[in-house]
Amino acid sequence: GSAPTSGAHSGSGRAISATKGDILVSCQGLQKSFGDREVMKSIDFDMRAGDITVIIGRSGSGKSTLLRAIAGLTDPDDGRMVFDGEVVFEDQKRTPAWKQVDSHVGMIFQSYTLWPHMDVLKNLTLAPRKRLGMTEKDALGRAEKALAEVGMADHIHSKPVQLSGGERQRVAIARALMMQPKLLLCDEITSALDPPVAAEVLDVLRRLKEEEGIAVALVTHDMAFASKAADRVVFFHQGEIAVNTTPDEAFNHTEDPELKKFIEAVR
Ligand code: ADP
Ligand code: MG
C-alpha cells in the first residue's frame with residue numbers, strides 16, 4: 001500500500017538515477033535450483049540503462065528463470081541483485097529497496113496475458129488505477145500515449161479477441177508502458193507470431209529504446225533482430241552465461257563451440 005503519486009515517476013519508487021551507459025541491473029552469483037536441478041549456476045550479469053540485451057540459448061538453459069528472478073516472479077536461492085545502485089536482493093531475501101524493481105521493471109510473456117473480457121483501455125488502466133491510485137483522466141491520458149507509442153491508438157476500445165496476435169503483443173507492451181518502466185523484460189514475446197509480424201513487434205522495442213531510453217532484455221530466437229538491434233548478446237548454456245558480448249562477436253567471430261552449434265541450428 002503505497003501513497004498515490006503523480007509526476008515524474010511511476011510508482012512508489014524514486015526516479016531512476018542511472019542514465020544511458022550506467023549499470024541499471026547487476027546480478028551477482030545468482031543461483032537457483034528446482035529439486036536437485038541447478039537451473040542458474042552462478043549468474044553474473046549486468047545490464048546497462050538504455051541497452052537492448054538479447055538472451056539466446058536452448059530450451060531449458062535457464063533464460064526464463066533469470067528474467068523471472070529480475071522481475072521478482074521467483075526469488076533466487078542465493079546471490080545478490082543491485083538495481084540502480086541499490087541492493088535489492090541479498091542474503092536470500094529482498095531488501096526494502098526492492099520497491100524500485102516493482103516500480104520500474106515490466107515483464108511481457110509469450111502467451112497473451114490480456115484480460116479477454118475487458119477492452120484495451122481497461123486492460124491498460126486497471127493496474128495503474130489500483131496500484132498507483134491514478135485518476136481516470138490521468139490513466140486515460142497515459143493509455144492514449146502508450147497506445148500511440150506502439151501504434152495501437154485506434155484500438156483503444158477493441159476487445160483482445162478482435163485483435164491479431166501481433167496487435168495483442170503490442171497492447172501488452174503498451175500495458176507495461178503504463179507503469180513507465182526503465183526496463184522491459186520480454187520472454188519470447190514473438191515466438192507465436194509470423195516473422196513479418198514479429199519484426200513489427202520487435203521494432204516497437206527498438207523505438208522505445210531509441211525514443212524513451214528504455215532498457216530491454218529480450219529472450220528470442222530472432223537472430224536477425226539480435227544482430228541488428230542488440231547492444232549485447234547473452235548466450236545461456238546449461239544454467240550458465242557462456243557468452244556475453246556484442247552481436248558482431250557473437251554471430252561472426254565467436255570461438256565458443258556451443259554458441260557456434262546453436263547459431264547453426266537456428267539458422
Ligand atoms: P528456458 O527459458 O531457457 O527454456 P527455464 O528457465 O524456463 O529455461 O528453465 C530452466 C530449467 O528449469 C528447465 O529444466 C525447467 O524445466 C526448470 N524449471 C523452470 N521452472 C521450474 C519450476 N517452477 N519448477 C521446476 N522446474 C522448473
Ligand atoms: Mg523460457
Lys and Arg at +1, Asp and Glu at -1: add these up for the other residues within a Cβ distance under 12 Å of Leu114 and post the number. +3
Checked against the positive end of the charge dipole of the chain (+1 on Cβ of Lys and Arg, -1 on Cβ of Asp and Glu, about the Cα centre), the farthest of Trp115, Met179, Ala217 is Trp115
Karplus couplings for region 175-186 from phi (6.51 cos²θ - 1.76 cosθ + 1.60, θ = phi - 60°), rounded to Hz, Gly and Pro as x? 4, 5, 5, 4, 8, 6, x, 9, 9, 10, 9, 10
So how compact is region 43-134: Cα radius of gyration and Dmax in angstrom? 15.5, 42
For region 87-183, what's the radius of gyration and Dmax over Cα atoms, in angstrom? 14.6, 48
Average projected area [Cα convex hull, region 204-267], square nanometres: 4.4
Listed by chain and number, the residues whose amide H is under 5 Å from that of Val25, excluding neighbours fewer than 5 places away on the same chain and using placed H, are Met47, Asp84
Quick one: among Arg206, Arg142, Arg58, which has the greatest mean-square fluctuation in a GNM of the chain with alpha-carbon springs under 10 angstrom? Arg58
Each residue of region 128-139 in order: what ³J(HN,Hα) in whole Hz does its phi give by Karplus 6.51 cos²θ - 1.76 cosθ + 1.60, θ = phi - 60°, with x for Gly and Pro? x, 5, 6, 7, 9, x, 5, 5, 4, 5, 4, 5
Cα Rg, Dmax, the chain, angstrom units: 18.2, 55
Along region 202-218, Karplus-curve 3J(HN,Hα) (6.51, -1.76, 1.60; θ = phi - 60°) to the nearest Hz, with x for Gly and Pro, reads 5, 5, 4, 5, 5, 5, 5, 5, 5, 8, 10, x, 7, 7, 10, 10, 10
Rounded to 5, percent antiparallel among DSSP beta bridges of the chain: 55
Taking the number of other C-beta atoms within 10 Å as the exposure measure, put His117, His237 in order starting with the fewest. His117, His237
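Values in this text are rule-based calculations from the coordinates and carry no lab data. Treat the numbers as computed from the prediction; the structure is a model and nothing was measured. We place every Cβ from the backbone using ideal geometry, glycine too, and count neighbours over all the protein chains shown.
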